[in-house]
Structures are given as C-alpha cells and as structure tokens.
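The values are calculated or read from the model by the stated rules, or taken from the named source; none is laboratory data. This structure is a prediction, so every number in the text was calculated from the model and none was measured. Backbone-built Cβ (ideal geometry, glycine too); neighbour counts: all protein chains shown.
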Amino acid sequence: MMIKPGMVKPKTKAERQSRVTKILAKLDEAYPNVTCALHHTNAWELLAATILSAQCTDKRVNEVTPGLFAKYPTPQDFAAARQEVLANDIRSTGFFNNKAKSLIGAANRIVNEFGGQVPQTIEELTTVPGAARKTANVVLGTAFGIASGIVVDTHVTRVSNRLDLTKNSDPVKIEQDLIKIIPTPKWIEFSHQIIHHGRGPCVARKPKCHECNLTDLCYAADRIWF
C-alpha cells in the first residue's frame, strides 16, 4: 500500500464541470435515495435532533430522541421545560446545558413568533436559537424539500477538499464554492450523499480508497493507491 503522486487535474472550465458531472453520477450509483440519518417525524423534531447532533453522533442522537419526543411532544412542551431537567434528559449527547438552552430558546421562538410552525425560509429559520445556516439547510432540505443551500459539516468539508471541489476550510466559503458547481436540483441530495460518503469509505484517517467508486476521479494528496 502506498501513496502515489497526484493525478493530472482538468484545466479548462468545461473539463472541470465534466468531472463534477461524473462525480455526481458516481454518488448517485453509490447512494441512491439517500436521506438524513436523524430520525424524525416532523420538521420540529428534525430541528431539535439537528441541534442535538452538534459534536455528537447521529447514532447517539437517535438513541435519545424517541424518549425525548415522547416526554416533550411539541414545541410548546419544550418551551415550557425547565432547563436543568431538559439538560439531564439530553446529557448523553454532550454540551447538554448549551443544547438545552438552545432547544428551549428555539421552541419559544417558534411558538411565539411563528405560530408553533417551523419557518420555511432560510432568513426566518436562522433567527431561531441553535439554527445556524447548516442546521437551517438540513431542516429546509429534508423536512420541506427546499434547496436553500448545501449542508457543510465536517464530512462535507473533508470530502469536498479531497475531491478538489473547494480549497477552503471555512464552511461558508465551502458552501459558496459548492453552490457554484453543483446544480441546484442536486443540492439536497448531494449533501446527504457526501455526508454518507464521509462516514463510509472517505473517513478522516486512512480512507478506504479500495471501497470507493470515485477513485478514478480523485487525486487527493492522501489518496491510498494499491
């Protein structure tokens, strides 16, 4: 097993866009009909689960939310919760005090400002406590099918850089780079696919390049050749 020199990169805009088209086709092959890994039954539950997912695995969140949503079925129930009690309910997700504060703040905002319904615009949703742009993109895309942008988490950051779709490390700049080259109808699906790819073969350490169907299109510096 050894790392060989990088492949020749496409030079023209047409060549680069052709490569992006091929990458999207390969992602469709590997991850058809993929969706958000966070379990939910409505937009509020997805928003709450996404807030809980910060610095926590989706698996852990999915273990916590069934009991949490049974105890607090609606935003009104979360808004009325005592912070110390809610924090204890979500303790295993980490950063539980801050997350409890965000959940209660988000619930109050949605109940008092949006009639108990999760807003469906990026401008409104990003005013909700705990709902920065990444969270808003997750909720709008998954719950409402609204392509407001591209979700950029640690997986999207890593994989997009490895695939040379961006050279940036800042999530805002990465999203700006991606929305220029990914067709709008693919934004939602692309986000889910890249996240799944980052959890699968394209892990942070020792990527499993032998399991990846993008190897012919990848010239990452840490690509592992066989």
Condition check for Q17: assigned to a helix (DSSP H, G or I) and touching a Gly at 6+ places or on another chain (Cβ under 9 Å):
no
Taking C36 as the residue in question, decide whether it is touching a Gly at 6+ places or on another chain (Cβ under 6 Å), among the hydrophobic types (A, V, I, L, M, F, W, C) and closer than 17 Å to I195 by Cβ.
no
So, Q120, is that one more than 30 Å from A14 (Cα to Cα) and surrounded by 15 or more Cβ atoms within 10 Å (Cβ to Cβ) or not?
yes
Options G116, G149, G67: the member that is over 21 Å from S191 (Cβ atoms), small (G, A, S) and in a loop (DSSP other than H, G, I, E, B):
G116
What do you reckon, is T166 part of a loop (DSSP other than H, G, I, E, B), free of Cβ contacts under 8 Å to residues at least 40 places away in the same chain, hydroxyl-bearing (S, T, Y) and out of contact with any strand residue (DSSP E or B) (no Cβ under 7 Å at 6 or more places or on another chain)?
yes
Determine which member of the set L178, L214, L165 is farther than 27 Å from T126 by Cβ, surrounded by 19 or more Cβ atoms within 10 Å (Cβ to Cβ) and at pLDDT 95 or above.
L214
What about I195, is it in a loop (DSSP other than H, G, I, E, B) and either at pLDDT 95 or above or within 19 Å of the chain's Cα centre (by Cα) (or both)?
no
Among the residues in segment 90-98, are any of a type in the set (D, E, K, R) and in contact (Cβ under 8 Å) with a residue 12 or more places away in the chain?
no
How many residues are surrounded by 13 or more Cβ atoms within 10 Å (Cβ to Cβ) and either in contact with a His (Cβ under 9 Å, 6 or more places away or on another chain) or at pLDDT below 95 (or both) if we restrict to segment 57-83?
6
Yes/no for V20 being in contact with a helix residue (DSSP H, G or I) (Cβ under 9 Å, 6 or more places away or on another chain), at pLDDT below 95 and either more than 30 Å from N108 (Cα to Cα) or buried (at least 20 other Cβ atoms within 10 Å of the Cβ) (or both)
no
